[in-house]
Amino acid sequence: MIFGLSKAIAREHNAMKEADALVMALSDVPLLGVTASLVIENAIPDAHDKGLQVYIVGASEKIQRRLEKLGLFDLVNPEHILSDRTEALRQAVDLVYGKEVVA
């Protein structure tokens, strides 16, 4: 599962060239191993450097501590650390299109 996460993030990382926001849904990720941590450690700063707003969704306390330890929360607006995926997507779409999204 962790290698699957790494592969999926790496694939999407390449697709970020034309994105306006990055939503990382981590609710189904029980822990971050070295491989997944390295992929995320590269993806978030790259997104930040490209001007993308980064949203982290559903990360357990353990995952949040790991991301904090890696210094990644310094690059993420605290309001963009959410537990609800739908809310994160609404916020990202609202940010991109500059209007309120109706459910």
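Near residue 22, the amide H atoms lying under 5 Å from its own belong to 53, 54, 55; only residues 5 or more places off or on other chains count, and H is placed 1.01 Å from N.
Full-extension gain between residue 87 and residue 17, please, as 0.36 nm times their residue separation minus the C-alpha to C-alpha distance.
22.8 nm
A crude spin-label estimate for the pair residue 94 and residue 77, with each label 7 Å from Cα along the Cβ direction, gives 1.0 nm.
Rule-based calculations on the coordinates, nothing more; no lab input. Being a predicted model, the structure only gives us computed values, none of them experimental. Note: ideal-geometry Cβ built from the backbone for every residue, glycine included; neighbour counts use all protein chains shown.
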